[in-house]
Every structure is written in structure tokens, then in C-alpha cells.
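*Asks:* Quick one: the structure is below, questions incoming.
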Amino acid sequence: MLLGTPNAESSELVAITLTKGDPTWAGPLAGVSLDLPVFHVTEPEIRGQIPGDVYETQVGLTEVVLDVAGIGDVMRRTRG
């Protein structure tokens, strides 16, 4: 799954939901482990697969205001 979430907290919640199931136990994915690989669009392994001009047009300006390091840490931790 490719995320474009705006901060580390929302990235973590979505990533956990898509890998281990809904951590709030409030939705249909409560306890359902999907084990989907989850990445954020700003991570180097994804960014490197997108043509530079497309990335700059679609993500570049947004990336300036995001906590890219924090989001990356959460994503790596969630993937294990």
C-alpha cells in the first residue's frame, strides 16, 4: 500500500491497520491481519521509482512541510 498521509501519527495508524488490523478495535478490520507491505510516498525506495519531474510536481512542495524523517521512522518500525 502506498500512503500519502500528512504526519507520523496518521501514518502509523494506517500502517498498523493495513498490516496487523485496526488497533482501535472499532472498525471492520479489528483483529484482521492483512500483512500488506506499506510504504509512504516520501520514502527513498518509493521516491526513486517515480520520475523526478512527476515527483516534484505531485509531492515536492508538500514534502517540504512534512516530517519526512518521522514518517519514515514509523513506516520502517511498522514493517519491522
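*Asks:* Under a point spin-label approximation (7 Å from Cα along Cα-to-Cβ), what is the residue 24-residue 57 distance to one decimal in nm?
*Replies:* 3.6
*Asks:* If you don't mind, another one. As I understand it, the value is the acute angle between the Cα axis of helix 8-19 and the longest principal axis of the Cα atoms of the chain; what does it come to in degrees, rounded to 10?
*Replies:* Here the helix axis deviates by roughly 50 degrees.
*Asks:* Next up: If you take the square roots of the eigenvalues of the alpha-carbon gyration tensor of the range 1-46 and sort them as a ≥ b ≥ c, do you get rounded (a/c under 1.5), prolate (a/b over b/c) or oblate?
*Replies:* Oblate, because a/c is 1.5 or more while a/b does not exceed b/c.
*Asks:* Relative contact order for the range 2-79 using alpha-carbon pairs under 8 Å, separation at least 6, rounded to a whole percent?
*Replies:* This gives 37 percent for the range 2-79.
*Asks:* When volume of the Cα convex hull per residue in Å³ is calculated directly from the model, which label among [x] 135; [y] 114; [z] 88 fits?
*Replies:* [z]
*Asks:* Treating the angle as unsigned and between 0 and 90°, give the value, to the nearest 10°, between the Cα long axis of helix 68-79 and the longest Cα principal axis of the chain.
*Replies:* 40
*Asks:* Under the Karplus relation 6.51 cos²θ - 1.76 cosθ + 1.60, θ = phi - 60°, what is the ordered set of whole-Hz ³J(HN,Hα) values for the range 36-45, x standing for Gly and Pro?
*Replies:* Here the 3J(HN,Hα) series is 7, x, 10, 9, 9, 4, 8, 6, x, 5 Hz.
*Asks:* Tell me which residues come under 5 Å, amide H to amide H, from residue 3 once H is placed; ignore anything under 5 positions away on its chain.
*Replies:* Amide H neighbours of residue 3: 39, 40, 41.
*Asks:* To continue, here is another question. Kindly provide the helix-only [θ] at 222 nm of the chain, computed as the sum of -39,500 (n - 2.57) over DSSP H runs of four or more divided by all residues, to the nearest 500 deg cm²/dmol?
*Replies:* After summing the helix terms and dividing by residue count, I get -12000 deg cm²/dmol.
*Asks:* Still on this model: Spelling out what I want: for every residue of the range 20-35, take phi, set θ = phi - 60°, compute 6.51 cos²θ - 1.76 cosθ + 1.60 (Karplus), and round to whole Hz; glycine and proline get x.
*Replies:* Result, rounded to whole Hz: 10, x, 4, x, 8, 6, 10, x, x, 9, 4, x, 9, 8, 8, 6.
A short reminder: the numbers here are calculations on the coordinates, not readings from a lab. Nothing here was measured: the structure is a model prediction, and the numbers come from that model. When we count neighbours, we look across all protein chains shown, and the Cβ atoms used for this are built from the backbone with ideal geometry, even at glycine.
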